[in-house]
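Notes follow the structure.
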Amino acid sequence: MVMRSLMILGVVALVACTQPPQLNDRITPSAAAAPYPDLQPLAPLLAQAAAPGRVTPRTTATLTGSAADLRARATALRGPVVDDATRARMRAGIDQAALR
């Protein structure tokens, strides 16, 4: 926990020391002359988001299949990175005298 806090503090310190990008004159004249977008009322958008019937058996099946595929990939990645034969060959190539 302490190590994580120190890492976060270090990253924040590095970010705080950087120069912010110069944003002057980055907007094209056509973008500066464009009208502001129209504001939309929030109520219809919230009603649309809360509307039932967005999850169908087909979307459930697709999501379940995707989750199963991801679980299978995760299981395959849990194996050893270096197989036993390669590990033995690498160990045989190490000069033990240099490690003492």
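Taking the criterion of being assigned to a loop (DSSP other than H, G, I, E, B), over 28 Å from the mean Cα position of the chain (by Cα) and loosely packed, with under 10 Cβ neighbours inside 10 Å, the residues of region 27-59 that qualify are Thr28, Pro35, Tyr36, Pro37, Asp38, Leu39, Gln40, Pro41, Ala51, Pro52, Gly53.
Any chance region 79-90 includes a residue that's of a type in the set (Lys, Arg), exposed (fewer than 10 other Cβ atoms within 10 Å of the Cβ) and without any contact (Cβ under 8 Å) to a residue 60 or more places away in the chain? Scanning region 79-90, I find no residue that is of a type in the set (Lys, Arg), exposed (fewer than 10 other Cβ atoms within 10 Å of the Cβ) and without any contact (Cβ under 8 Å) to a residue 60 or more places away in the chain, so the answer is no.
A short reminder: the numbers here are calculations on the coordinates, not readings from a lab. Computed from a prediction, not measured in an experiment: that's the story for all the values here. Here Cβ is always computed from backbone atoms with ideal geometry, including for glycine, and neighbour counts include all displayed protein chains.
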